[in-house]
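K.L.:
Mind having a look at this structure? Questions to follow.
The values are calculated or read from the model by the stated rules, or taken from the named source; none is laboratory data. Quick caveat, the model's predicted, so the values are computed rather than measured. Here the Cβ is made from the backbone with ideal geometry for all residues, glycine too, and neighbour counts use every protein chain on show. In case anyone asks, the SASA skips ligands and DNA or RNA and just uses the protein heavy atoms, side chains included. Shrake-Rupley method; radii C 1.70, N 1.55, O 1.52, S 1.80 Å.
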Amino acid sequence: MTENLTRPMYLDGHYAPVPDEIEAYDLPVTGTLPPELAGRYFRNGPNPLPGEDSGHWFVGHGMLHGVRLRGGRAEWYRNRWVRTRELEGHPFIREDFTFDRTANPANTHVIQHAGKIMALCETGFPYGVTPELATIGPDDFAGKLTTAMTAHPKQDPVTGELHFFGYGFLPPYLTYHRLSASGELVESREIEVPGPTMMHDFAITEHHAVFLDLPMVFDLEAGGMPFRWDDGYGARIGVMPLAGGPVAWFEVEPAFVFHVGNAYEDAGGRVVVDGCRYDREAINGVWTQIGGTGHTAPKAAAFLAARLHRWTLDPATGTNTETPLDDRGVEFPTLNDAQVGRAGRYLYAVSDGEIIKYDTAGRTGAAATVYDMGTRANPGEAEFVPAAHGGAAEDEGWLLSITGTADGGSDLLVLDARDLSFQAAVHLPRRVPAGFHGNWIPDAS
Ligand SMILES: [Fe+2]
């Protein structure tokens, strides 16, 4: 697809929004869909209305795309805007200068917890949606949630609790929250940080929550997403005991991280955090590009800027050791959700034209297996779907990714996660714009 360098990147090519909602049934499939895949793959992303310029890639109205798989068939595809108060035109800042947390685009992620499917955006409350992608409405957990909710909550694979946080432009800048396995908001804890920063993701380990307080600071002058790099802010990672007690902050080399791959406690009691790290130059380049104001480089370059990186934080000594794990440019790290917060071996990520499997067991780097997309392009986040039988290995399962095709359409690509071998491509009825995050909602749930 040719690029139009006069249009903002987020309105052009594979990023361009689609104009309407459609559905299609009995989708054509190349290859063999594993019959074990019984459920729905949902993916969220921004989709401005026809003729609308949202002003920044991150703030377009949320649109969910769903593909229903069962019995080796792709039964349907459908796409639906999340019917938020933001879509209806309600302002985020009310006339009395308070925030309307229901007026957010719900455009970043879609998760399931305690039987609820929720579309998430870090500026506000989650929106419940049905398995058919109809909007239920905003959810503040029976009035208990008083901050925004990150789009990247973490479910503890053992307790089933959902850990998350909200960040804000005004104090409290950072608040940790916990939902019980049954979906009740059972804890909210304010965390002191020097100022308001863009905190897109975080991590948990078995005993800790891990916060990334990095130098993309709030600045109302900065436009659509009002954040900019600040050399003076410093950079630190906080390790907070879930059971209570002070946060231990570790100074780190200034950098920005949208996405954590995983974190865990090692045998020596250190907290290991793997994530996709942008240095100052890289994040400034990406930020200009996705803000639509510097469209002079190929779009794919935006995703060539982050590197898989490891921070090893030692509470005994207060020291941080940083290790680059690979020199490829990657984003959207994923894993087997059973390993969240626990020492796992494998992370998956996407690059320009590649889906990558990392084996992080090595001490100095991560060994990569690469699926070359060939004529496909713009791989979306590769969601890991575990094989649903007891004793399955960590990488036994599939990767699902919505990708661009050579003719400007989109496929749902299915790879075997063990060796990244091609299993199937579900041909979707039209292009799915490049977006953010997705999830597999298995029928059993
Ligand atoms: Fe994200």
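K.L.:
On the basis of being open to solvent by less than 10 Å² (accessible area, probe 1.4 Å), within 16 Å of the ligand (Cβ to nearest atom), within 27 Å of I290 (Cβ to Cβ) and part of a strand (DSSP E or B), does N44 make the cut?
P.N.:
yes
K.L.:
Can you pull out the strands (runs of 3 or more DSSP E) entirely within segment 360-445 that have at least 1 residues that are in contact with a strand residue (DSSP E or B) (Cβ under 7 Å, 6 or more places away or on another chain) and either farther than 28 Å from D274 by Cα or open to solvent by less than 30 Å² (accessible area, probe 1.4 Å) (or both)?
P.N.:
Here the list reads 383-386, 397-404, 410-416, 421-427, 438-442.
K.L.:
Within segment 77-97, can one find any residue that is over 21 Å from I136 (Cα atoms), aliphatic (A, V, I, L, M) and in contact (Cβ under 8 Å) with a residue 40 or more places away in the chain?
P.N.:
Within segment 77-97, not a single residue is over 21 Å from I136 (Cα atoms), aliphatic (A, V, I, L, M) and in contact (Cβ under 8 Å) with a residue 40 or more places away in the chain.
K.L.:
Please determine whether any residue of segment 398-413 is within 21 Å of G261 (Cβ to Cβ) and more than 22 Å from the chain's Cα centre (by Cα).
P.N.:
no
K.L.:
Filter segment 328-359 down to the residues that are assigned to a loop (DSSP other than H, G, I, E, B), of a type in the set (A, V, I, L, M) and away from the ligand (no atom under 16 Å from the Cβ) and list them by number.
P.N.:
Answer for segment 328-359, where residues must be assigned to a loop (DSSP other than H, G, I, E, B), of a type in the set (A, V, I, L, M) and away from the ligand (no atom under 16 Å from the Cβ): just A343.
K.L.:
I'd like to check something: does segment 60-67 contain any residue that is within 22 Å of E221 (Cβ to Cβ) and surrounded by fewer than 20 Cβ atoms within 10 Å (Cβ to Cβ)?
P.N.:
no
K.L.:
Select from segment 118-132 the residues that are in a loop (DSSP other than H, G, I, E, B), within 19 Å of the chain's Cα centre (by Cα) and more than 16 Å from the ligand (Cβ to nearest atom) and list them in ascending order.
P.N.:
Within segment 118-132, just F125 meets the criteria.
K.L.:
Hey, another quick one. Take the conditions under 20 Å from the mean Cα position of the chain (by Cα), open to solvent by 10 Å² or more (accessible area, probe 1.4 Å) and more than 16 Å from the ligand (Cβ to nearest atom) and apply them to A282. Does it pass?
P.N.:
Yes: the conditions hold for A282.
K.L.:
Filter segment 240-259 down to the residues that are within 21 Å of the chain's Cα centre (by Cα) and either polar (S, T, N, Q) or open to solvent by 10 Å² or more (accessible area, probe 1.4 Å) (or both) and list them by number.
P.N.:
F258, H259
K.L.:
(1) surrounded by fewer than 16 Cβ atoms within 10 Å (Cβ to Cβ); (2) modelled with pLDDT under 95; (3) on the phi > 0 side of the Ramachandran plot: which one isn't true of G13, the others all being true?
P.N.:
Against the list (1) surrounded by fewer than 16 Cβ atoms within 10 Å (Cβ to Cβ); (2) modelled with pLDDT under 95; (3) on the phi > 0 side of the Ramachandran plot, G13 comes up short only on (1).
K.L.:
If we keep just the residues of segment 149-176 that are among the small types (G, A, S) and surrounded by fewer than 23 Cβ atoms within 10 Å (Cβ to Cβ), which is nearest to the ligand (Cβ to nearest atom)?
P.N.:
Here the answer is G168.
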